[in-house]
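Only the coordinates and a few stated rules stand behind these numbers; no lab work does. None of these values were measured; they are calculated from a predicted model. All Cβ positions, glycine included, derive from the backbone under ideal geometry; neighbour counts span all protein chains shown.
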Amino acid sequence: MASPSSAAGAAATAAAVAQPALPTTNADKIYSDVLASFQIPRDKMRLIATHMYSEFVRGLSADGAPIRMIPSYAYAMPTSHETGVYLALDLGGTNFRVCAVTLKGKGQFDVVADKFTIPDSAKVGPGAALFDFIAGAVEQFVHTHDLSAVAASSATGELTMGFTFSFPVKQESVARGALMYWAKGFDCPDVVGQDVVDLLQVALARRAVKVRVVALVNDTVGTLVAHAYKAPATVMGCILGTGTNAAYIEQLAQVTKYRGTPTPTGTMLINTEWGAFDSEGKVLPLTQFDRELDAMSNNGKQQVFEKLISGMYLGEITRRALVHLVEAGALFGGKLSTPLQTVYAFETAYMSTIEADTSPALTAVGQVLADHLAVASTTLTDRQLVKSLVQQIGTRAARLSAVGIFALLEKMGVPESKPVVVAVDGSVWLKYPGFQDRLRAALRELMGPEKAALVSVETAHDGSGTGAALIAALVDKQH
Ligand code: ADP
Ligand code: MG
């Protein structure tokens, strides 16, 4: 510190005081505390990964463990030579799609897909309404794409379909599984405990749609298998979308809770359901905003890892942090707005827009705040603070995703010397600017650069459609 008596010192002090930047000291401290609460340094990432690893082991050894580690009953990986036309249904959370996948061999395939929006009214309430909606969409798809001829020319007179159902099911065979619990905003209580393939097949029969559902597939398993069709070194499929989850290749001998036949040799794909990790919040560094979000969600104390990472929640965490900062006088001159106080009014996609804005005046940030939060006028400082906050929340999500991938690679004991591929899909991975780089950088922090160089984290294209079709093809070949 310069002595106050020196002229230079006085000038420096005056200059410092004249700095416009941050608001008053108290608000300033509250802001930096909020920002810091979202940081996860490397050692903390390591600690979380270690805990996650042991939860994977626990899930493989007993039913009902927090991370479910669900056997998929999909044993075989594609050879790249499978051929034929197969249907796939993708019920993921935000979007619902019906696809026709033409497998052409040599790892090549074509997909024709139609998207449907599931009405909110069908997402909650009686399951019959949900499955009727789905069956109706399949009926419409078969009609639109003139697939009756394909059905008629098949040995059974029916089309063969794989059903990607991205909720935790207790799988009993490749084509049977009972829903354990809903997530991602769905809540049809009468479906819990029921075989979802049965429900779908019955709904299809009501409409006389000639489709046979031969495989029930989680989107993570589909992503793994679809990517392996092109890239045989694929060992993991990971989703970063509405929710988050991953599947991987496990040695059957390690699945100690597995008592089925064939005898446990070889491998099976395991759907981890890692979104449920640490729902007690033992190692995850939850902020007050995470806790608030969890408390008001329709699945409190569940899917806590997912709530820190995925598209359904990141915007809402951000909104809660923004409200806190406004109330503390650190943003927007302390003025709240109605949308700012509305639960889920701030979408994760807005974070992408904010992060993509590199203009000096942060014009797009201002636009998002004006258009979606009714905060009409903001200072540049406001916009900078908002952007940094969003960066922090997005970065935390990317780093925690890397922790999950790292823990699962460790569980497989790879990579040793051969390169491996991790296939990732979902809108957060695909559309959030910088997410991919941050995730890869965090993996390097966790594994060291040499080992990380053997891990290729790649975008899986349409895994939840193609994967289900491929698994349907593999099942079909066994008969
Ligand atoms: P699903 O997981 O249902 O199969 P997606 O992978 O498309 O579907 O993920 C949808 C989620 O992605 C939504 O929660 C949404 O908030 C989020 N999302 C959509 N667009 C963007 C975007 N541009 N940036 C970040 N997240 C997005
Ligand atoms: Mg999806």
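Worth pointing out:
- Entries in 115/170; 29/307; 106/170 that, when Cα-Cα distance is taken, lie over 29 Å: 106/170
- Rounded FRET efficiency, nearest 0.05, which uses the C-beta distance separating residue 148 from residue 206 and R0 of 25 Å: 0.90
- Dipole axis of the chain (+1 Lys, Arg; -1 Asp, Glu on Cβ), positive-most option in 253, 328, 276: 253
- Since only 119, 96, 108 are under comparison, the one whose Cα sits farthest along the positive direction of the charge dipole of the range 87-139, derived from C-beta charges on Lys, Arg, Asp and Glu, is 108.
- Residue-wise HN-Hα couplings along the range 272-286, as the Karplus relation 6.51 cos²θ - 1.76 cosθ + 1.60 with θ = phi - 60° gives them from phi, are 5, 6, 6, x, 7, 3, 6, 5, 7, x, 6, 10, 6, x, 6 Hz; Gly and Pro carry x.
- Computed lengthening from residue 450 to residue 172, 0.36 nm per intervening residue step minus Cα-Cα distance: 96.0 nm
- Helices in the chain, meaning DSSP H runs of at least 4 residues, each add -39500 (n - 2.57). Divided by all residues, the mean residue ellipticity at 222 nm is -14000 deg cm²/dmol.
- Each peptide in 117-127, 408-418, 340-350 was scored by the mean count of other Cβ atoms within 10 Å over its residues; highest first, the order is 340-350, 408-418, 117-127.
- Computed over the chain: relative contact order in percent, which uses C-alpha pairs under 8 Å that are six or more apart: 21
- Taken one residue at a time, the phi angles of the range 366-374 give Karplus couplings (6.51, -1.76, 1.60, θ = phi - 60°) of x, 5, 4, 5, 6, 6, 9, 10, 6 Hz. Gly and Pro are set to x.
- Cut-off 10 Å between beta-carbons: net charge of the residues surrounding residue 354, Lys and Arg +1, Asp and Glu -1: 0
- Stretch gain in nm, segment residue 441-residue 128, where the contour uses 0.36 nm per residue and the Cα spacing is subtracted: 108.1 nm
- As a rough guide to protection, the peptides 134-141, 201-208 ranked by mean Cβ packing within 10 Å, highest first, stand as 134-141, 201-208.
- Residues of the range 218-257 with amide N under 20 Å of a point placed 7 Å along Cα→Cβ from residue 120: 242-243
- The slack in the chain from residue 356 to residue 343, taken as 0.36 nm per residue of separation less the alpha-carbon distance, amounts to 2.3 nm.
- Centre-to-centre separation between the Cα atoms of the range 341-406 and those of the range 47-67: 33 Å.
- Dipole magnitude for the chain: computed about the Cα centre from +1 point charges on Lys and Arg Cβ and -1 point charges on Asp and Glu Cβ, it is near 620 debye.
- Distant-in-sequence amide H partners of residue 104 (H built 1.01 Å from N, under 5 Å): 109, 110
- Charge context of residue 407, other residues only, Cβ under 12 angstrom, K/R +1, D/E -1: -1
- Note on residue 363 and residue 431: with the Förster distance fixed at 30 Å, the Cβ-Cβ geometry gives a FRET efficiency of about 0.90.
- With each label modelled as a point 7 angstrom along the Cα→C-beta vector, the residue 461-residue 192 pair spans 4.0 nm.
- Local electrostatic count, residue 82, Cβ distance below 13 Å [Lys/Arg +1, Asp/Glu -1]: +3
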